[in-house]
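Just below is one structure, and these are the notes that go with it.
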There are 2 protein chains.
Amino acid sequence: MTDPGLLIVVSGPSGAGKGTICDALRKTFSNIYYSISMTTRSPRTGEINGVNYYFTNDDNFKKLLTQDAFLEYAKVYDHYYGTPREYVYTLLNEGKHVMLEIDIQGAMQVKKTYPKGIFMYIVPPSKAVLEHRLRGRHTDTDEVIAARLSRARTELDWIDKYDYLIVNDNLPAAIDKAASIIRAEECRVTRNAECIAHTKKLYK
Amino acid sequence: MTDPGLLIVVSGPSGAGKGTICDALRKTFSNIYYSISMTTRSPRTGEINGVNYYFTNDDNFKKLLTQDAFLEYAKVYDHYYGTPREYVYTLLNEGKHVMLEIDIQGAMQVKKTYPKGIFMYIVPPSKAVLEHRLRGRHTDTDEVIAARLSRARTELDWIDKYDYLIVNDNLPAAIDKAASIIRAEECRVTRNAECIAHTKKLYK
(Lines give C-alpha, C1' and ligand atoms only; values in the text may rest on other atoms or scores of the structure.)
Protein backbone atom coordinates (compact mmCIF):
# COMPACT_ATOMS: atom_id res chain seq x y z
CA MET A 1 0.00 0.00 0.00
CA THR A 2 1.13 3.52 -0.76
CA ASP A 3 -0.60 6.78 0.05
CA PRO A 4 -2.52 8.14 -2.95
CA GLY A 5 -0.96 10.82 -5.14
CA LEU A 6 -2.15 14.41 -5.37
CA LEU A 7 -4.83 15.63 -7.76
CA ILE A 8 -3.53 19.08 -8.67
CA VAL A 9 -6.09 21.38 -10.26
CA VAL A 10 -4.77 24.57 -11.85
CA SER A 11 -7.00 27.40 -13.06
CA GLY A 12 -6.53 31.02 -14.00
CA PRO A 13 -7.25 33.44 -16.82
CA SER A 14 -5.78 33.01 -20.26
CA GLY A 15 -2.39 34.74 -20.08
CA ALA A 16 -1.77 33.89 -16.41
CA GLY A 17 1.12 31.59 -17.25
CA LYS A 18 -0.64 28.33 -16.28
CA GLY A 19 0.81 26.31 -19.15
CA THR A 20 4.38 27.43 -18.52
CA ILE A 21 4.07 26.78 -14.79
CA CYS A 22 2.49 23.33 -15.29
CA ASP A 23 5.21 22.32 -17.77
CA ALA A 24 7.88 23.45 -15.30
CA LEU A 25 6.23 21.41 -12.54
CA ARG A 26 6.24 18.32 -14.75
CA LYS A 27 9.97 18.75 -15.27
CA THR A 28 10.60 19.20 -11.53
CA PHE A 29 8.42 16.31 -10.35
CA SER A 30 8.94 13.03 -12.18
CA ASN A 31 5.75 11.67 -10.62
CA ILE A 32 3.36 14.28 -12.04
CA TYR A 33 1.15 13.16 -14.92
CA TYR A 34 -1.20 15.21 -17.04
CA SER A 35 -4.65 13.80 -17.28
CA ILE A 36 -5.76 13.16 -20.87
CA SER A 37 -9.13 14.62 -21.78
CA MET A 38 -11.72 12.89 -23.90
CA THR A 39 -13.38 14.89 -26.65
CA THR A 40 -15.92 14.49 -29.42
CA ARG A 41 -14.19 16.97 -31.70
CA SER A 42 -12.11 15.69 -34.60
CA PRO A 43 -8.35 15.31 -34.21
CA ARG A 44 -6.32 18.20 -35.63
CA THR A 45 -3.24 17.51 -37.74
CA GLY A 46 -0.59 15.87 -35.60
CA GLU A 47 -2.86 15.08 -32.64
CA ILE A 48 -2.60 11.50 -31.48
CA ASN A 49 -5.38 9.51 -29.82
CA GLY A 50 -4.38 8.65 -26.24
CA VAL A 51 -1.65 11.30 -26.17
CA ASN A 52 -3.28 14.69 -26.82
CA TYR A 53 -6.84 13.52 -26.30
CA TYR A 54 -8.96 10.43 -26.31
CA PHE A 55 -11.09 10.99 -29.39
CA THR A 56 -14.57 9.53 -29.36
CA ASN A 57 -18.05 10.09 -30.84
CA ASP A 58 -21.12 11.74 -29.39
CA ASP A 59 -22.97 8.52 -28.64
CA ASN A 60 -20.10 7.04 -26.68
CA PHE A 61 -19.49 10.29 -24.75
CA LYS A 62 -23.17 10.48 -23.78
CA LYS A 63 -23.15 6.84 -22.71
CA LEU A 64 -20.11 7.53 -20.52
CA LEU A 65 -21.89 10.58 -19.08
CA THR A 66 -24.77 8.39 -17.92
CA GLN A 67 -22.19 6.13 -16.26
CA ASP A 68 -20.74 9.12 -14.33
CA ALA A 69 -17.41 8.34 -16.00
CA PHE A 70 -16.08 11.92 -15.92
CA LEU A 71 -14.52 13.89 -13.09
CA GLU A 72 -15.68 17.00 -14.94
CA TYR A 73 -16.98 17.76 -18.39
CA ALA A 74 -18.21 20.65 -20.52
CA LYS A 75 -19.88 21.21 -23.85
CA VAL A 76 -18.06 23.93 -25.79
CA TYR A 77 -19.96 24.93 -28.92
CA ASP A 78 -20.91 21.55 -30.41
CA HIS A 79 -18.24 19.44 -28.80
CA TYR A 80 -17.92 17.63 -25.51
CA TYR A 81 -14.74 17.65 -23.45
CA GLY A 82 -14.30 15.61 -20.28
CA THR A 83 -11.75 14.21 -17.83
CA PRO A 84 -12.14 10.42 -17.58
CA ARG A 85 -12.40 9.55 -13.93
CA GLU A 86 -10.94 6.04 -14.09
CA TYR A 87 -7.63 7.04 -15.70
CA VAL A 88 -7.10 9.72 -13.04
CA TYR A 89 -8.05 7.46 -10.13
CA THR A 90 -5.78 4.67 -11.35
CA LEU A 91 -2.77 7.00 -11.40
CA LEU A 92 -3.64 8.48 -7.99
CA ASN A 93 -3.99 5.03 -6.43
CA GLU A 94 -0.51 4.19 -7.72
CA GLY A 95 0.79 7.16 -5.69
CA LYS A 96 1.25 9.34 -8.77
CA HIS A 97 0.23 12.98 -8.94
CA VAL A 98 -2.21 14.04 -11.65
CA MET A 99 -2.39 17.62 -12.92
CA LEU A 100 -5.51 19.14 -14.47
CA GLU A 101 -5.33 22.53 -16.15
CA ILE A 102 -9.02 23.44 -16.32
CA ASP A 103 -11.40 26.36 -16.03
CA ILE A 104 -13.32 27.34 -12.92
CA GLN A 105 -16.48 25.45 -13.88
CA GLY A 106 -14.48 22.26 -14.38
CA ALA A 107 -12.53 22.82 -11.18
CA MET A 108 -15.75 23.23 -9.19
CA GLN A 109 -17.05 19.94 -10.57
CA VAL A 110 -13.82 18.21 -9.54
CA LYS A 111 -13.98 19.80 -6.10
CA LYS A 112 -17.43 18.35 -5.55
CA THR A 113 -16.41 14.79 -6.37
CA TYR A 114 -12.80 14.95 -5.15
CA PRO A 115 -12.48 17.56 -2.38
CA LYS A 116 -9.04 16.19 -1.43
CA GLY A 117 -7.71 17.75 -4.64
CA ILE A 118 -5.35 20.72 -4.46
CA PHE A 119 -6.93 23.74 -6.09
CA MET A 120 -4.53 26.46 -7.24
CA TYR A 121 -5.52 29.71 -8.89
CA ILE A 122 -2.87 31.58 -10.88
CA VAL A 123 -3.39 35.22 -11.71
CA PRO A 124 -1.24 38.04 -13.12
CA PRO A 125 -0.75 40.86 -10.58
CA SER A 126 -3.01 43.35 -12.38
CA LYS A 127 -5.25 43.94 -15.35
CA ALA A 128 -2.49 46.07 -16.90
CA VAL A 129 0.03 43.23 -16.71
CA LEU A 130 -2.48 40.72 -18.08
CA GLU A 131 -3.34 43.02 -20.97
CA HIS A 132 0.36 43.54 -21.74
CA ARG A 133 0.88 39.76 -21.85
CA LEU A 134 -2.16 39.10 -24.01
CA ARG A 135 -1.11 41.82 -26.47
CA GLY A 136 2.44 40.45 -26.50
CA ARG A 137 1.18 37.09 -27.78
CA HIS A 138 -0.16 38.72 -30.98
CA THR A 139 -2.81 36.01 -31.24
CA ASP A 140 -6.01 37.78 -30.12
CA THR A 141 -8.03 40.62 -31.62
CA ASP A 142 -8.83 43.70 -29.51
CA GLU A 143 -12.34 42.35 -28.94
CA VAL A 144 -11.04 38.99 -27.73
CA ILE A 145 -8.54 40.72 -25.43
CA ALA A 146 -11.28 42.96 -24.01
CA ALA A 147 -13.45 39.88 -23.37
CA ARG A 148 -10.58 38.03 -21.68
CA LEU A 149 -9.83 41.00 -19.40
CA SER A 150 -13.46 41.37 -18.41
CA ARG A 151 -13.72 37.65 -17.72
CA ALA A 152 -10.49 37.68 -15.69
CA ARG A 153 -12.03 40.32 -13.43
CA THR A 154 -15.31 38.52 -12.80
CA GLU A 155 -13.51 35.22 -12.27
CA LEU A 156 -11.55 36.71 -9.35
CA ASP A 157 -14.72 36.25 -7.30
CA TRP A 158 -14.11 32.51 -7.42
CA ILE A 159 -10.70 32.61 -5.76
CA ASP A 160 -12.30 31.85 -2.39
CA LYS A 161 -13.20 28.39 -3.69
CA TYR A 162 -9.54 27.58 -4.29
CA ASP A 163 -6.95 26.49 -1.74
CA TYR A 164 -4.00 28.48 -3.03
CA LEU A 165 -3.47 31.73 -4.89
CA ILE A 166 -0.34 32.36 -6.91
CA VAL A 167 0.07 35.95 -8.05
CA ASN A 168 2.34 35.50 -11.03
CA ASP A 169 4.36 38.71 -11.14
CA ASN A 170 7.61 36.82 -11.63
CA LEU A 171 7.67 33.48 -13.42
CA PRO A 172 10.53 31.71 -11.55
CA ALA A 173 9.00 32.79 -8.22
CA ALA A 174 5.56 31.60 -9.33
CA ILE A 175 6.98 28.21 -10.37
CA ASP A 176 8.76 27.97 -7.02
CA LYS A 177 5.50 28.71 -5.20
CA ALA A 178 3.60 26.06 -7.17
CA ALA A 179 6.37 23.50 -6.54
CA SER A 180 6.37 24.42 -2.83
CA ILE A 181 2.62 23.82 -2.65
CA ILE A 182 3.09 20.31 -4.04
CA ARG A 183 6.00 19.54 -1.71
CA ALA A 184 4.03 20.87 1.27
CA GLU A 185 0.92 18.87 0.41
CA GLU A 186 3.11 15.76 0.12
CA CYS A 187 3.97 16.33 3.81
CA ARG A 188 0.35 16.72 4.99
CA VAL A 189 -0.38 14.38 7.86
CA THR A 190 -3.83 13.60 6.42
CA ARG A 191 -2.20 12.41 3.19
CA ASN A 192 0.36 10.16 4.86
CA ALA A 193 -1.58 7.50 6.73
CA GLU A 194 0.52 4.70 5.21
CA CYS A 195 3.79 6.56 5.74
CA ILE A 196 2.90 7.21 9.38
CA ALA A 197 1.91 3.57 9.97
CA HIS A 198 5.22 2.50 8.39
CA THR A 199 7.22 4.94 10.55
CA LYS A 200 5.47 3.72 13.71
CA LYS A 201 6.59 0.17 12.88
CA LEU A 202 10.19 1.40 12.61
CA TYR A 203 9.96 2.72 16.18
CA LYS A 204 8.92 -0.58 17.74
CA MET B 1 -3.48 46.58 6.32
CA THR B 2 -1.38 43.51 5.64
CA ASP B 3 -2.35 39.88 6.05
CA PRO B 4 -1.07 38.44 9.34
CA GLY B 5 2.13 36.41 9.37
CA LEU B 6 2.34 32.69 10.05
CA LEU B 7 2.68 31.15 13.48
CA ILE B 8 4.93 28.18 12.80
CA VAL B 9 5.00 25.54 15.51
CA VAL B 10 7.72 22.91 15.28
CA SER B 11 7.82 19.79 17.44
CA GLY B 12 9.61 16.48 17.36
CA PRO B 13 11.76 14.25 19.54
CA SER B 14 15.14 15.34 20.81
CA GLY B 15 17.55 14.39 18.01
CA ALA B 16 15.06 14.98 15.18
CA GLY B 17 17.01 17.95 13.83
CA LYS B 18 14.45 20.61 14.81
CA GLY B 19 17.03 23.18 15.88
CA THR B 20 19.10 22.83 12.70
CA ILE B 21 16.00 23.02 10.50
CA CYS B 22 14.60 26.06 12.34
CA ASP B 23 17.94 27.88 12.10
CA ALA B 24 18.07 27.15 8.36
CA LEU B 25 14.53 28.49 7.94
CA ARG B 26 15.47 31.69 9.72
CA LYS B 27 18.36 32.15 7.27
CA THR B 28 16.07 31.49 4.27
CA PHE B 29 13.17 33.70 5.37
CA SER B 30 14.14 37.17 6.54
CA ASN B 31 10.63 37.63 7.99
CA ILE B 32 10.75 34.71 10.44
CA TYR B 33 11.21 35.58 14.09
CA TYR B 34 11.73 33.29 17.04
CA SER B 35 9.40 33.93 19.91
CA ILE B 36 11.22 34.67 23.17
CA SER B 37 10.07 32.62 26.14
CA MET B 38 9.60 33.93 29.63
CA THR B 39 11.01 31.90 32.49
CA THR B 40 11.35 32.01 36.25
CA ARG B 41 14.69 30.22 36.27
CA SER B 42 17.87 32.24 36.77
CA PRO B 43 19.89 33.40 33.77
CA ARG B 44 22.87 31.20 32.96
CA THR B 45 26.23 32.77 32.15
CA GLY B 46 25.98 34.75 28.93
CA GLU B 47 22.16 34.68 28.70
CA ILE B 48 20.68 38.10 28.09
CA ASN B 49 17.24 39.25 29.23
CA GLY B 50 15.04 39.93 26.18
CA VAL B 51 17.31 37.95 23.88
CA ASN B 52 17.52 34.37 25.15
CA TYR B 53 14.61 34.67 27.57
CA TYR B 54 12.57 37.19 29.44
CA PHE B 55 13.61 36.50 33.02
CA THR B 56 11.06 37.13 35.73
CA ASN B 57 10.08 35.96 39.21
CA ASP B 58 7.42 33.52 40.36
CA ASP B 59 4.96 36.16 41.53
CA ASN B 60 5.01 38.04 38.24
CA PHE B 61 4.71 34.83 36.19
CA LYS B 62 1.71 33.72 38.25
CA LYS B 63 0.12 37.14 37.89
CA LEU B 64 0.57 36.93 34.08
CA LEU B 65 -0.94 33.43 34.15
CA THR B 66 -4.12 34.79 35.73
CA GLN B 67 -4.23 37.38 32.92
CA ASP B 68 -4.04 34.61 30.29
CA ALA B 69 -0.86 36.26 29.01
CA PHE B 70 0.71 33.08 27.61
CA LEU B 71 0.07 31.22 24.39
CA GLU B 72 1.39 28.16 26.18
CA TYR B 73 3.29 27.49 29.37
CA ALA B 74 4.71 24.64 31.40
CA LYS B 75 6.23 24.06 34.80
CA VAL B 76 9.42 22.02 34.48
CA TYR B 77 10.75 20.94 37.87
CA ASP B 78 10.49 24.16 39.91
CA HIS B 79 10.53 26.67 37.08
CA TYR B 80 7.89 28.13 34.81
CA TYR B 81 8.40 28.61 31.08
CA GLY B 82 5.89 30.36 28.85
CA THR B 83 5.39 32.02 25.46
CA PRO B 84 4.11 35.60 25.96
CA ARG B 85 1.05 36.00 23.80
CA GLU B 86 1.33 39.74 23.17
CA TYR B 87 4.85 39.66 21.72
CA VAL B 88 3.81 36.91 19.28
CA TYR B 89 0.56 38.61 18.27
CA THR B 90 2.29 41.95 17.68
CA LEU B 91 4.75 40.35 15.25
CA LEU B 92 2.00 38.37 13.48
CA ASN B 93 -0.12 41.49 13.04
CA GLU B 94 2.84 43.21 11.40
CA GLY B 95 2.85 40.40 8.82
CA LYS B 96 5.91 38.69 10.30
CA HIS B 97 6.18 34.95 10.81
CA VAL B 98 6.86 33.64 14.31
CA MET B 99 8.47 30.29 14.94
CA LEU B 100 7.98 28.27 18.12
CA GLU B 101 10.09 25.19 18.76
CA ILE B 102 8.07 23.53 21.51
CA ASP B 103 7.01 20.12 22.80
CA ILE B 104 3.70 18.43 22.05
CA GLN B 105 1.99 19.67 25.19
CA GLY B 106 2.91 23.26 24.38
CA ALA B 107 1.90 22.82 20.74
CA MET B 108 -1.52 21.50 21.76
CA GLN B 109 -2.06 24.55 23.98
CA VAL B 110 -1.15 26.84 21.08
CA LYS B 111 -3.45 24.92 18.75
CA LYS B 112 -6.37 25.49 21.09
CA THR B 113 -5.89 29.26 21.22
CA TYR B 114 -4.47 29.79 17.72
CA PRO B 115 -5.75 27.04 15.38
CA LYS B 116 -4.57 29.01 12.33
CA GLY B 117 -1.00 28.14 13.33
CA ILE B 118 1.03 25.76 11.18
CA PHE B 119 1.90 22.66 13.11
CA MET B 120 4.89 20.65 11.86
CA TYR B 121 6.19 17.45 13.35
CA ILE B 122 9.75 16.42 12.54
CA VAL B 123 10.85 12.86 13.11
CA PRO B 124 13.89 10.76 12.19
CA PRO B 125 12.95 7.88 9.85
CA SER B 126 13.39 5.13 12.47
CA LYS B 127 14.28 4.38 16.04
CA ALA B 128 17.66 3.05 14.84
CA VAL B 129 18.50 6.37 13.13
CA LEU B 130 17.35 8.38 16.14
CA GLU B 131 19.46 6.24 18.48
CA HIS B 132 22.47 6.64 16.22
CA ARG B 133 22.06 10.44 16.26
CA LEU B 134 21.58 10.62 20.03
CA ARG B 135 24.68 8.47 20.62
CA GLY B 136 26.65 10.60 18.18
CA ARG B 137 26.04 13.70 20.29
CA HIS B 138 27.91 12.12 23.24
CA THR B 139 25.81 14.19 25.65
CA ASP B 140 23.36 11.64 27.08
CA THR B 141 23.79 8.59 29.28
CA ASP B 142 22.42 5.21 28.17
CA GLU B 143 19.46 5.70 30.52
CA VAL B 144 18.64 9.13 29.07
CA ILE B 145 18.92 7.77 25.51
CA ALA B 146 16.61 4.85 26.36
CA ALA B 147 14.09 7.28 27.85
CA ARG B 148 14.26 9.54 24.79
CA LEU B 149 13.71 6.60 22.42
CA SER B 150 10.75 5.35 24.41
CA ARG B 151 9.26 8.84 24.52
CA ALA B 152 9.81 9.32 20.76
CA ARG B 153 7.77 6.19 20.14
CA THR B 154 4.80 7.14 22.32
CA GLU B 155 4.82 10.69 20.96
CA LEU B 156 4.25 9.38 17.42
CA ASP B 157 0.61 8.91 18.45
CA TRP B 158 0.27 12.70 18.45
CA ILE B 159 1.23 13.19 14.80
CA ASP B 160 -2.46 13.22 13.83
CA LYS B 161 -2.83 16.50 15.71
CA TYR B 162 -0.24 18.17 13.48
CA ASP B 163 -0.72 19.53 9.96
CA TYR B 164 2.56 18.39 8.45
CA LEU B 165 4.98 15.54 8.97
CA ILE B 166 8.61 15.83 7.93
CA VAL B 167 10.50 12.55 8.05
CA ASN B 168 14.07 13.79 8.41
CA ASP B 169 16.13 11.12 6.67
CA ASN B 170 18.17 13.73 4.78
CA LEU B 171 18.79 17.17 6.26
CA PRO B 172 18.81 19.33 3.08
CA ALA B 173 15.62 17.61 1.88
CA ALA B 174 13.99 18.11 5.29
CA ILE B 175 14.91 21.82 5.26
CA ASP B 176 13.51 22.12 1.74
CA LYS B 177 10.25 20.50 2.86
CA ALA B 178 9.91 22.84 5.83
CA ALA B 179 10.63 25.88 3.62
CA SER B 180 8.10 24.61 1.07
CA ILE B 181 5.45 24.33 3.77
CA ILE B 182 5.99 27.98 4.71
CA ARG B 183 5.95 29.14 1.06
CA ALA B 184 2.79 27.12 0.41
CA GLU B 185 1.01 28.46 3.48
CA GLU B 186 1.92 31.99 2.37
CA CYS B 187 -0.14 31.24 -0.77
CA ARG B 188 -3.22 29.95 1.07
CA VAL B 189 -6.31 31.77 -0.06
CA THR B 190 -7.62 31.90 3.52
CA ARG B 191 -4.46 33.75 4.62
CA ASN B 192 -4.56 36.33 1.82
CA ALA B 193 -7.77 38.31 2.27
CA GLU B 194 -5.92 41.62 2.00
CA CYS B 195 -3.82 40.51 -0.95
CA ILE B 196 -6.95 39.32 -2.78
CA ALA B 197 -8.80 42.57 -2.08
CA HIS B 198 -5.78 44.49 -3.36
CA THR B 199 -5.56 42.35 -6.52
CA LYS B 200 -9.28 42.85 -7.21
CA LYS B 201 -8.73 46.61 -7.13
CA LEU B 202 -5.98 46.24 -9.72
CA TYR B 203 -8.46 44.55 -12.06
CA LYS B 204 -10.99 47.38 -11.99
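The values are calculated or read from the model by the stated rules, or taken from the named source; none is laboratory data. Since this is a predicted model, take the numbers as computed values, not measurements. Positions of Cβ are backbone-derived with ideal geometry, glycine not excepted, and every protein chain shown enters the neighbour counts. Note: areas computed on protein heavy atoms with side chains; ligands, DNA, RNA excluded. Shrake-Rupley method; radii C 1.70, N 1.55, O 1.52, S 1.80 Å.
What net charge do the residues around B:L156 carry, taking every other residue with its C-beta under 11 Å from that of B:L156, with Lys and Arg at +1 and Asp and Glu at -1?
On the way: positive: A:K200, A:K201, A:K204, B:K127, B:R151, B:R153; negative: B:E155, B:D157, B:D160.
With Lys, Arg at +1 and Asp, Glu at -1, the neighbours total +3.
Shielding of B:111-122 by partners, i.e. mean partner chain Cβ atoms within 10 Å per residue? Working shown, then result.
Values: counts 0, 0, 0, 0, 0, 0, 0, 1, 1, 3, 3, 0.
If you average over the peptide's residues, the count of other-chain Cβ atoms is 1.
Averaged over its residues, segment A:7-201 has an accessible area of 51 Å² per residue, based on protein heavy atoms and a 1.4 Å probe.
Between chain A and chain B, the total buried accessible area stands at approximately 3200 Å², from heavy atoms with a 1.4 Å probe.
Within a 10 angstrom radius of each residue's Cβ in B:126-133, how many Cβ atoms of other chains show up on average? Whole number is fine. The partial results should precede the final answer.
Numbers: counts 6, 5, 2, 1, 2, 0, 0, 0.
The shielding value for this peptide is 2.
Take B:E86, move 7 Å from Cα toward the beta carbon, and the resulting point lies 6.5 nm from the same point in each other copy, nearest first.
Among the DSSP beta bridges whose two residues both lie in chain A, what percent are antiparallel, rounded to the nearest 5?
30
Split the accessible area of segment B:14-109 by element, probe 1.4 Å, and carbon with sulfur accounts for 47%. Loop-located trypsin sites (Lys or Arg not before Pro) across segment A:46-132 with a Cβ neighbour count of 11 or fewer within 10 Å are lacking, with loop assigned by DSSP.
Expressed in nm to one decimal, what extension gain is obtained for the pair A:E86 and A:A173 from 0.36 nm per residue of sequence separation less their Cα-Cα distance? List each step's numbers first, then the result.
Numbers: separation 87, 0.36 × 87 = 31.32 nm, distance 3.39 nm.
Contour length minus Cα-Cα distance gives 27.9 nm.
Electrostatic bookkeeping for B:V51 treats Lys and Arg as +1 and Asp and Glu as -1; over the other residues with beta carbon under 15 Å from its beta carbon, the sum is +1.
Sequentially through segment A:189-204, phi angles give Karplus couplings (6.51, -1.76, 1.60; θ = phi - 60°) of 3, 5, 9, 10, 4, 5, 4, 5, 4, 5, 4, 4, 4, 6, 10, 7 Hz, Gly and Pro residues having no value and appearing as x. In terms of overall dimensions, segment A:7-201 has a Cα radius of gyration and Dmax of 17.9, 63 angstrom. Between copies, the label points of A:K200, set 7 Å from Cα on the Cα→Cβ line, lie 4.4 nm apart, reported in increasing order to one decimal in nanometres. Between identical copies, the spacing of A:D142 label points, each set 7 Å from Cα toward the C-beta atom, reads 8.7 nm from nearest to farthest. For segment A:34-93, how big is the tail of P(r) above 15 Å, as a whole percent of Cα pairs? Here the tail beyond 15 Å accounts for 47 percent of pairs.
Counting pairs of alpha carbon atoms under 8 Å apart in space and at least six apart in sequence, what relative contact order in percent does segment B:18-67 give?
Details: 34 pairs, mean separation 14.4, N = 50.
In percent, rounded to a whole number, it is 29.
DSSP finds beta bridges in segment B:1-101, and of those with both partners inside it, around 45 percent are antiparallel. Taking B:V51, B:V98 and ordering them by how much accessible surface each has at a 1.4 Å probe, largest first, produces B:V51, B:V98.
Ranked from largest to smallest solvent-accessible area, with a 1.4 Å probe on the protein heavy atoms, A:I21, B:I102 come out as B:I102, A:I21.
With contacts taken as Cα pairs under 8 Å and at least 6 residues apart, chain B reaches a relative contact order of 32 percent. Computed 3J(HN,Hα) for segment B:40-45, one whole-Hz value per residue from the Karplus formula 6.51 cos²θ - 1.76 cosθ + 1.60 where θ = phi - 60°, is 9, 7, 6, x, 8, 3, glycine and proline marked x.
Provide the net charge surrounding A:M108, with neighbours chosen by a C-beta distance below 14 Å and charges set as Lys +1, Arg +1, Asp -1, Glu -1.
Working: positive: A:K111, A:K112, A:K161; negative: A:E72, A:D103, A:E155, A:D157, A:D160, A:D163.
After counting each charged neighbour, the total is -3.
Centre-to-centre, using Cα atoms only, segment B:86-144 and segment A:172-191 are separated by 21 Å. Loop-only check: which chymotrypsin sites (Phe, Trp or Tyr not before Pro) in segment B:55-114 are DSSP coil with at most 11 other Cβ within 10 angstrom? Sparse-neighbourhood loop chymotrypsin sites (Phe, Trp or Tyr not before Pro): B:Y77.
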